[in-house]
Amino acid sequence: MTGDRDIIIENIDELRSRVAAAAARAGRDPAGIKIVAVTKTVEPERIMAAYQCGITDFGENRVQELVQKADIMNVECKWHMIGHLQTNKVKYIIDRVCMIHSLDSIELANEINRRAEKAGRIMDALVQVNVAGESTKYGVEPASAPDFVKEVSRMGNIRIRGLMTIAPLVSDPEEVRWVFRGLRQLLIDIGKENIDNVSMEYLSMGMSNDFEVAIEEGANIIRPGTVIFGKRKS
Ligand SMILES: *Cc1c(COP(=O)(O)O)cnc(C)c1O
């Protein structure tokens, strides 16, 4: 396990310098880019190694794993739900996450709003947009995103803070630059509408394969997993 720890520490160092270099290329301050370390299939001890390097935000795409880890990791960190969320599971995470990146239906928004009200909180959420139009991916279509945001904005216990997308997996990340650029443009366009109870400030985009291009295109939340913890077993 100590060897593992050293690798994670090294990986995070390397990740931070790549983030800084990408930010510099775009004339941006790297301090404005939040790293949400994706911990799916990663054991708590290895997550702790990342935490000890100053990583405080973690992302999970399965409810059960998120709940288990959030309960085990008895430290001050923040959990992000980044995967497709079934309405009947919202109740398990409502008290455990700081943000839901995968808001993709009105039905889900209604349930989050209802549960958040019960829990006496306002849940931050990002609208997942299927920019690339892949039939295998969840997310609202870009053309319907503005109306979707408006509808959710009327719900008092959910607050939209921005947009999220997952780019197609390609060997050369340059091929998906247009996806990130498209999400950023959508953020700007919706932001111009000044919708009450909505702040278009976060762009959650970029994973291990493509985070540098995402940063160049304006990402301020990136979601790397493999580059920190190594290849997943499953
Ligand atoms: C798994 C996952 C990631 C991290 O992917 P890596 O390629 O390991 O960096 C990021 N975002 C979402 C939504 C994921 O499901």
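Some observations on this one:
- Meets criteria (touching a Cys at 6+ places or on another chain (Cβ under 9 Å) and β-branched (Val, Ile, Thr)) for Ile55: yes
- Among the residues of the stretch 48-90, those identified as more than 14 Å from the ligand (Cβ to nearest atom) and among the hydrophobic types (A, V, I, L, M, F, W, C) are Met48, Ala49, Cys53, Val67, Ala70, Ile72, Met73, Val75, Cys77, Val90.
- Residue match in the stretch 138-148 (condition: surrounded by fewer than 22 Cβ atoms within 10 Å (Cβ to Cβ) and touching a His at 6+ places or on another chain (Cβ under 9 Å)): yes
- Residue check, Thr41 more than 16 Å from the ligand (Cβ to nearest atom), out of contact with any Phe, Trp or Tyr (no Cβ under 8 Å at 6 or more places or on another chain) and modelled with pLDDT of 95 or more: no
- Set Glu65, Glu60, Glu43: member being more than 18 Å from the chain's Cα centre (by Cα) and of a type in the set (Asp, Glu): Glu43
- Count - residues of the stretch 205-225 that are among the charged types (D, E, K, R) and more than 15 Å from Arg25 (Cβ to Cβ): 1
Residues checked against (1) surrounded by fewer than 17 Cβ atoms within 10 Å (Cβ to Cβ); (2) β-branched (Val, Ile, Thr):
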{"site": "Lys192", "(1), (2)": "yes, no"}
{"site": "Asp196", "(1), (2)": "yes, no"}
{"site": "Gly206", "(1), (2)": "no, no"}
{"site": "Asn209", "(1), (2)": "no, no"}
{"site": "Ile215", "(1), (2)": "no, yes"}
{"site": "Lys233", "(1), (2)": "yes, no"}
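- Looking across the stretch 162-188 at every residue that is in contact with a helix residue (DSSP H, G or I) (Cβ under 7 Å, 6 or more places away or on another chain) and not hydrophobic (A, V, I, L, M, F, W, C), the one that is most open to solvent (accessible area, probe 1.4 Å) is identified as Glu174.
The values are calculated or read from the model by the stated rules, or taken from the named source; none is laboratory data. Owing to the predicted nature of the structure, the values given are computational and were not obtained by experimental measurement. Positions of Cβ are generated from backbone atoms using ideal geometry, with glycine treated the same way; all protein chains shown enter the neighbour counts. Surface areas here come from the heavy atoms of the whole protein model, side chains and all, with no ligands, DNA or RNA. Shrake-Rupley method; radii C 1.70, N 1.55, O 1.52, S 1.80 Å.
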